Amino acid sequence: MGSFHTVTLIVFLSLASSTGLQIEAQGIKSARLLDLVIRDYTFQSYDRFFGTGKLHAVSLPANLSGIKVDTVRFRCGSLRRYGAKVSEFHLGTGVTVNPCVERVLIVAQNLGSNWSSIYYDNYELSGYQLISPVLGLLAYNAGDNINFSSPFELGIQAGKDPIKIDFRNTTKLNATTGIIPLCARFERDGKVTLANQASPNVCVSTRQGHFGLVIESPLMPMKKQQYLLR
């Protein structure tokens with residue numbers, strides 16, 4: 001009898017958690033909240049038996065359609081020694097995670113055209129237009145004693161070689177136009193940092209975050225535009 005009630009309670013809590021996530025996803029107004037909702041769905045789909053180093057696609061609800069999320073679990077030491085490629089992100093050897101737990105869950109986001117536009121509402125992009133989806137790289141604790149109710153974010157720090165963000169398969173800007181995009185990094189404090197590309201449609205960073213390609217577009221109403229595909 002006790003076992004039946006225990007199973008019933010577990011099912012009820014699972015359904016309540018899922019319903020809460022869906023309600024939360026419907027009212028997302030900030031880029032930070034979007035990160036937290038994606039994080040919760042990532043951990044909801046997390047399985048301790050996922051193979052270390054194996055890419056896992058996170059299932060998201062219909063109201064988050066257009067977003068692609070991949071996650072991989074690594075041992076901190078192995079990640080530092082060998083580096084890794086996770087979707088559009090390449091982490092070179094020497095990369096560290098702080099605070100270093102035994103295992104880390106790397107999350108790569110591709111926000112697509114629909115959800116990348118949320119960055120127009122959260123950041124000052126006057127004079128520039130996104131020509132790529134926003135790509136995000138984040139890390140969370142994933143040790144054997146992981147607490148699913150309160151996952152915490154970890155810092156990623158590049159080693160000798162910077163983290164590469166490859167936009168080559170995500171943008172359709174015609175290289176023959178002569179327009180050279182800039183790399184945009186969206187900071188937590190609401191600021192946008194612009195930098196030159198490391199190579200065509202490839203950006204670099206020394207740490208985790210959210211990134212996009214932008215071009216100058218002073219005459220276009222920024223907040224009404226999604227990223228431009230040509």
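The values are calculated or read from the model by the stated rules, or taken from the named source; none is laboratory data. Here the structure is a predicted model, which means the values were calculated and not measured. Every residue, glycine among them, receives a Cβ derived from its backbone with ideal geometry; neighbour counts consider all protein chains shown.
Just a few scattered comments:
- Any hit, the stretch 161-178, residues being of a type in the set (Gly, Ala, Ser), surrounded by 14 or more Cβ atoms within 10 Å (Cβ to Cβ) and either assigned to a strand (DSSP E or B) or at pLDDT below 95 (or both): no
- Filtered residue count, the stretch 29-60, keeping only those that are at pLDDT below 90 and under 15 Å from residue 111 (Cβ atoms): 1
- Index of the failed condition, residue 151 passing every other in (1) out of contact with any Gly (no Cβ under 6 Å at 6 or more places or on another chain); (2) loosely packed, with under 13 Cβ neighbours inside 10 Å; (3) modelled with pLDDT of 70 or more; (4) not in a strand (DSSP E or B): (2)
- The residues of the stretch 101-119 that are buried (at least 16 other Cβ atoms within 10 Å of the Cβ) and either part of a loop (DSSP other than H, G, I, E, B) or over 17 Å from the mean Cα position of the chain (by Cα) (or both), listed by number, are 101, 103, 111, 117.
- Sole residue being at pLDDT 95 or above, surrounded by 12 or more Cβ atoms within 10 Å (Cβ to Cβ) and of a type outside the set (S, T, N, Q), chosen from 142, 184: 184
- Residue ID - surrounded by the fewest Cβ atoms within 10 Å (Cβ to Cβ), chosen from residues in the stretch 202-224 that are at pLDDT 95 or above and part of a loop (DSSP other than H, G, I, E, B): 206
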